[in-house]
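A quick write-up on the structure given underneath.
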Amino acid sequence: MMKELIIKPGPQYYHYDEGAIDTIPKMLREYHAKRVLVIHGTVSWHKAQKFFEKVLSSTDFEFILEQYNGECSFDEAERISKLIKDKAIDFVIGVGGGKMCDLTMLASSYTMTPFGVVPTLASNCAPWAALSVMYKENGMAEGRSAHQNHNAAFLITDPYLVVDSPVRYFIAGIADTLVKWYESDLVTSQIEIKDAPLIQMGRFAAKICQDAILNDSLAAVEDMKNGQVTSAFINVSEVVIVISGLVGGLAGKYARNTAAHTVHDALSAVLPGLHDYLHGEKVAYGTFYQLALEGKWSEIDRLIPFYKALDLPLSLTQMGVYPFEDNQMEEIVTIMNAKEKIHLLPLEINEAILKRVYVDLESYLTKYIV
C-alpha cells in the first residue's frame, strides 16, 4: 500500500511567451500588492532589465530592488525575510536562475508573503518545484533541502530572455531533466504503487522528459547558440522548467529523485573541487551512478554519445576529483546512505555497495575518456 503521497503540483499561474513579463502588473493587482520586492542577481538582471521596463514603470506599485549574495543559503534567506518585514513588503518577485528561485521561495515562506518567479535560465525545475536546494555561504552544499508546502503565485518568463542566457546552463538543465526518468523508473514501476493515478501521471511526465531530451535537445542547443527562439528551443526549455517539475509535483517523493541526486548532494558536500561544476553537470554523473547501481551498463553505453555531443562530464576522474582522498569515500557514502530518497529504490543498498559502485563505475568509464 502506498504511503505518504503529498502533492505540490506547481505555480498557480504559468505564462511562457514573448511579452509575458508585461502581464506581471495584472497578477500583482489580483494580490492587491502595493510594495513589491524584486530580488535579482547581477548578469541575469542586466539582461532582464529591458524586459521589466513596462512593469517597473507602473505607478500602481512601489518596487524595491535588492541584489542577492549569489547563494541560496539559510543566512541569505533570513536576511531577505528580514528585509520583507522591515520594508512591509506584500509581494516578492525573484528574477534569475535556480538559486534565485529557491531563495525567493524560502525567504518568502518565512514570512508567508506571496511570491512569483521569473526564471532567466532553463537550467533546472527550481522555478516549478516547492523546495529549495540549500548551499552554504562558501558555495558548498548543505547536504539537505528546505521543503515548502506551497508554490509560487506565478511563473512568468519570456523565451527571448531565456535564449540569451549561457548555453552551458541550458545543457546542465537538459542533463537535470533527463535524469527524471532514470531516477523514477524503478520506483514508479513497483507493483504496489504503479497503478496509483498520480504515480502514473508523474511517470508519464518523466517519460516525456527522457523522450524530449534525447530526441530534441541537440537541435534546441544549436538554435540557442544561434540566438534563435525556435519551436525546438521553446519545447525543450519548457520541458526543463515545467515537465521536469511536474514529475515530482504529481508523484511526490516517489518520482522526485533517488540515487543520482543523492550522489550530487554527497559529492557537493564533500568535494570542493566540484564547486565550479553546475548542478546539472554533477547530476549528469549521478545518472551514470544510478544506472551502474541498477546494473544497467548498456544504458550508460547508449548515453555516452549524447553526453559527448553536449560536452557533459563523463566521470569523476575526468573532473579531477577521483581517486578520492583519505576518508572522502567514507564521508560520501555515509551521507548517501542516510538519505531516505536513495532507499526508495527496490534494491539492497548499504555503504559497502555504494562504495563498490563508485569504484566499478570509474573503472568502466575509463574506456570513454580520451
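Residue count for the range 3-50, restricted to those that are open to solvent by 40 Å² or more (accessible area, probe 1.4 Å) and in a helix (DSSP H, G or I): 9.
Of note, LEU361 satisfies the criterion of being open to solvent by less than 30 Å² (accessible area, probe 1.4 Å) and either touching a residue at least 12 places away in the same chain (Cβ under 8 Å) or touching a Lys or Arg at 6+ places or on another chain (Cβ under 8 Å) (or both). When every residue of the range 233-256 is checked against the conditions, none turns out to be more than 20 Å from the chain's Cα centre (by Cα), of a type outside the set (Asp, Glu) and either closer than 17 Å to LEU5 by Cα or not in a loop (DSSP other than H, G, I, E, B) (or both). Against the condition touching an Asp or Glu at 6+ places or on another chain (Cβ under 9 Å) and open to solvent by 50 Å² or more (accessible area, probe 1.4 Å), how does TYR160 come out, does it pass? It is true that TYR160 is touching an Asp or Glu at 6+ places or on another chain (Cβ under 9 Å) and open to solvent by 50 Å² or more (accessible area, probe 1.4 Å).
Quick one: in the range 107-155, which of the residues that are of a type in the set (A, V, I, L, M), surrounded by fewer than 24 Cβ atoms within 10 Å (Cβ to Cβ) and over 15 Å from the mean Cα position of the chain (by Cα) is modelled with the lowest pLDDT?
If we filter the range 107-155 for residues that are of a type in the set (A, V, I, L, M), which is where we start, we get 107, 112, 117-118, 121-122, 126, 129-131, 133-134, 140-141, 146, 152-153, 155.
Subsequent filtering for residues that are surrounded by fewer than 24 Cβ atoms within 10 Å (Cβ to Cβ) retains 112, 130-131, 133-134, 140-141, 146, 153.
Still in the list and also over 15 Å from the mean Cα position of the chain (by Cα): 112, 140, 153.
Working: MET112: 97, MET140: 83, ALA153: 98.
So, considering only residues that are of a type in the set (A, V, I, L, M), surrounded by fewer than 24 Cβ atoms within 10 Å (Cβ to Cβ) and over 15 Å from the mean Cα position of the chain (by Cα), the one modelled with the lowest pLDDT is MET140.
Restricting attention to the range 207-228, the residues that are free of Cβ contacts under 8 Å to residues at least 40 places away in the same chain and open to solvent by 50 Å² or more (accessible area, probe 1.4 Å) add up to 8. Checked against the criteria, ARG302 counts as free of Cβ contacts under 8 Å to residues at least 12 places away in the same chain and of a type in the set (Lys, Arg). The number of residues in the range 163-192 being open to solvent by less than 10 Å² (accessible area, probe 1.4 Å) and of a type in the set (Val, Ile, Thr) comes to 5.
Every condition in (1) closer than 26 Å to THR258 by Cβ; (2) in contact (Cβ under 8 Å) with a residue 12 or more places away in the chain; (3) assigned to a helix (DSSP H, G or I) is met by PHE204 except one, and the failing one is (2). Checked against (1) modelled with pLDDT of 95 or more; (2) assigned to a loop (DSSP other than H, G, I, E, B); (3) not polar (S, T, N, Q), GLY70 passes all but condition (1). Within the range 73-98, being open to solvent by 30 Å² or more (accessible area, probe 1.4 Å) and either touching a Lys or Arg at 6+ places or on another chain (Cβ under 8 Å) or at pLDDT below 95 (or both) holds for LYS87, ALA88, ASP90. When residues in the range 282-315 are screened for being farther than 27 Å from ASP216 by Cα and either within 20 Å of the chain's Cα centre (by Cα) or open to solvent by less than 10 Å² (accessible area, probe 1.4 Å) (or both), 0 of them pass.
Just one of the listed residues (TYR307, TYR358) is aromatic (Phe, Trp, Tyr) and within 24 Å of GLY173 (Cβ to Cβ), namely TYR307.
Tell me which residues, restricted to the range 208-232, are outside any helix (DSSP H, G or I) and within 19 Å of the chain's Cα centre (by Cα). Please lay out each step first, then the result.
Pass one, the range 208-232, residues outside any helix (DSSP H, G or I): 226-230.
If the condition is that a residue be outside any helix (DSSP H, G or I) and within 19 Å of the chain's Cα centre (by Cα), then no residue fits.
GLU238 meets the conditions (1) open to solvent by 10 Å² or more (accessible area, probe 1.4 Å); (2) within 29 Å of GLY143 (Cβ to Cβ) in every case but one. The failed one is (2).
Those helices (runs of 4 or more DSSP H) of the range 76-192 in which at least 3 residues are under 18 Å from LYS8 (Cβ atoms), considering only elements entirely within it, cover 98-111, 167-188. Give me the residue from the range 35-64 that is among the basic types (Lys, Arg) and more than 17 Å from PHE154 (Cβ to Cβ) and, out of that set, nearest to the chain's Cα centre (by Cα). Only one residue tops the list, namely LYS47.
The values are calculated or read from the model by the stated rules, or taken from the named source; none is laboratory data. Everything numeric in this text was worked out from a predicted model, so none of it was measured. Quick reminder, even Gly has a Cβ in these numbers, built from the backbone with ideal geometry, and neighbours come from all protein chains shown. Heads up: the accessible areas ignore ligands, DNA and RNA and are worked out on the full protein's heavy atoms, side chains in. Shrake-Rupley method; radii C 1.70, N 1.55, O 1.52, S 1.80 Å.
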